[in-house]
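In what follows, a structure is listed as structure tokens, so that the remarks can point back to it.
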Amino acid sequence: MVAASQKIIISGYYGFRNSGDEAVLQSILNALQKHSLATGTVIEPVVLSIDPEWTTATYGVKAVHRMKLSEVRSAISESAGLISGGGSLLQDVTGSKSIPYYLGIIKLAQWMGKPTFIYAQGIGPVNRKLFHPLIKAVFRKCRYISVRDEQSRDLLQSMGLGGNKIDVVPDPVMGLSLPEDGRGSSAEAGGESPPQKTPLSRPDLPTVGVSVRFWEQSRSELDAVADGLLNASARTPFHLRFLPFHHPSDHEASRYIMQKLEKGISQNGGVISLCEDAEHPQQMLREVGTCDVLIGMRLHSLIYAAGRRVPLIGISYDPKIDHFLERVGCRPIGATSSLDSGRLAAEVLQLLESGEEWKREREPLIASLVQEAEAPARQIIEYFRRKG
């Protein structure tokens, strides 16, 4: 007798085509599929997305519009439970609406008597204290809570939640793989072909990947990145590959630097290019994997690099960057507010020279994080296996 499938709602920042958040979704789907197959538990993911049609086409799963309450309510009503995560959902730095929205979705499921699970979230910063008791009240009723760093657990404990009930796990994207790794989802649209070499690229040059975003109003951090790359290229020519993770704003930030560099990089014997169309997370994962060094402001660019064993340089604009770098034995090269271009140039040259040593030193640490990244999926599937 074939077991009936159980619908599981997945709530997060999905459908916005932010490569990092889409990678979180792909990673969660992969891990749930892997552990459901291993235990004979049949699940049917349903994703809450701002663009359900795109999400369904990209991942091969059902999706409903995250802002249409009637659709969300109906989907939750028909489900066996709800997963909230991962990413930085519960923070109020980018606005005051995120926390009420994501807590509201969890609370709606709890009102309907559905089990709820927190999947590897990065909690905070939460500067508005009025949110603290709300988070505590909702999380207390969750069946399982996991966060992606110790600082998130500390923050939840400061709100009155018991730390012994909170697992600290790696970001889900640490477990994201490519089909040729032998452990991937059949829905991995990005796994069909390797990234194409651009007409400008030269196989004799090392590749330095760059993932930047707008942050400082003065653009001083982007100016410092440009200066550092130009200085480094004067010593060692390289292929400078810009990797925008959030469309279209990261394209604009990348082009801001490219306009400053195109002539100088060429004069120094290098080339410069922009990755235009890696919308699926695995396409971007492949792109990062072709780099010899990765400079990243976006958190998930750094996570991709660690997962593909690419030496990385992190630029801090948010505590989550520092927390992740600490987990892989690194420190930020600087903060956006005070980035030293000379230090950045020196680090690029150092890693181009000694990248293999960087990989050897961190391999045991990274391999452990990759393995641990699936822990929440194991816990959640085990819950439904017992219930089934």
**Message:** Considering only residues that are surrounded by 14 or more Cβ atoms within 10 Å (Cβ to Cβ) and either polar (S, T, N, Q) or assigned to a helix (DSSP H, G or I) (or both), which ones fall in region 131-149?
**Reply:** 131, 132, 134, 135, 136, 137, 138, 139, 146
**Request:** Mind listing whichever residues of region 54-73 are in contact with a Gly (Cβ under 9 Å, 6 or more places away or on another chain) and not β-branched (Val, Ile, Thr)?
**Result:** 54, 63, 65, 66
**Asked** When you look at residue 87, is it under 25 Å from residue 157 (Cα atoms), modelled with pLDDT under 95, buried (at least 20 other Cβ atoms within 10 Å of the Cβ) and in contact with a helix residue (DSSP H, G or I) (Cβ under 7 Å, 6 or more places away or on another chain), yes or no?
**Response** yes
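Would you confirm, using the coordinates I've provided, whether residue 96 is closer than 18 Å to residue 322 by Cβ and either part of a loop (DSSP other than H, G, I, E, B) or not aromatic (Phe, Trp, Tyr) (or both)?
Values: closer than 18 Å to residue 322 by Cβ: no; either part of a loop (DSSP other than H, G, I, E, B) or not aromatic (Phe, Trp, Tyr) (or both): yes.
In short, no.
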**Asked** Does region 244-253 contain any residue that is buried (at least 24 other Cβ atoms within 10 Å of the Cβ) and over 16 Å from residue 279 (Cα atoms)?
**Response** yes
**Fill in**
Counting only residues that are crowded, with 24+ Cβ neighbours inside 10 Å, of a type in the set (Ser, Thr, Tyr) and either not assigned by the TED database to the domain that holds residue 79 or not in a strand (DSSP E or B) (or both), region 8-17 contains a total of 1
**Fill in**
Filter region 18-76 for residues that are open to solvent by less than 20 Å² (accessible area, probe 1.4 Å) and in a strand (DSSP E or B); the one that is modelled with the lowest pLDDT is 18
**Message:** Please count how many residues of region 316-364 are under 20 Å from residue 300 (Cβ atoms), touching a Gly at 6+ places or on another chain (Cβ under 6 Å) and among the aliphatic types (A, V, I, L, M).
**Reply:** 2
**Request:** For region 199-221, indicate whether the set of residues that are farther than 24 Å from residue 178 by Cβ and assigned to a helix (DSSP H, G or I) is non-empty.
**Result:** yes
**Request:** Return the total of residues in region 104-143 being under 21 Å from the mean Cα position of the chain (by Cα) and aromatic (Phe, Trp, Tyr).
**Result:** 2
**Item:** Residue within region 373-380 that is surrounded by 14 or more Cβ atoms within 10 Å (Cβ to Cβ) and under 20 Å from residue 231 (Cβ atoms) present
**Value:** no
**Request:** Can you tell me which residue within region 166-207, out of those that are touching a Lys or Arg at 6+ places or on another chain (Cβ under 7 Å) and modelled with pLDDT of 50 or more, is farthest from residue 122 (Cα to Cα)?
**Result:** 207
**Asked** Which residues, counting only those in region 220-243, are buried (at least 24 other Cβ atoms within 10 Å of the Cβ), in contact (Cβ under 8 Å) with a residue 60 or more places away in the chain and over 19 Å from residue 339 (Cβ atoms)?
**Response** 238
**Item:** So residue 126, is it β-branched (Val, Ile, Thr), over 28 Å from residue 382 (Cα atoms), open to solvent by 60 Å² or more (accessible area, probe 1.4 Å) and not assigned by the TED database to the domain that holds residue 317
**Value:** no
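Among the residues of region 352-370, count how many are free of Cβ contacts under 8 Å to residues at least 12 places away in the same chain and open to solvent by 30 Å² or more (accessible area, probe 1.4 Å).
Residues flagged as free of Cβ contacts under 8 Å to residues at least 12 places away in the same chain and open to solvent by 30 Å² or more (accessible area, probe 1.4 Å) within region 352-370 amount to 7.
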**Asked** residue 244: in contact with a Pro (Cβ under 9 Å, 6 or more places away or on another chain) and either outside any helix (DSSP H, G or I) or modelled with pLDDT of 95 or more (or both), yes or no?
**Response** no
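The values are calculated or read from the model by the stated rules, or taken from the named source; none is laboratory data. Because the structure is a prediction, the values reported are computed rather than measured. Every residue, glycine among them, receives a Cβ derived from its backbone with ideal geometry; neighbour counts consider all protein chains shown. Ligands, DNA and RNA are stripped out before the accessible areas are found, and what is left, the full protein with its side chains, is counted by its heavy atoms. Shrake-Rupley method; radii C 1.70, N 1.55, O 1.52, S 1.80 Å.
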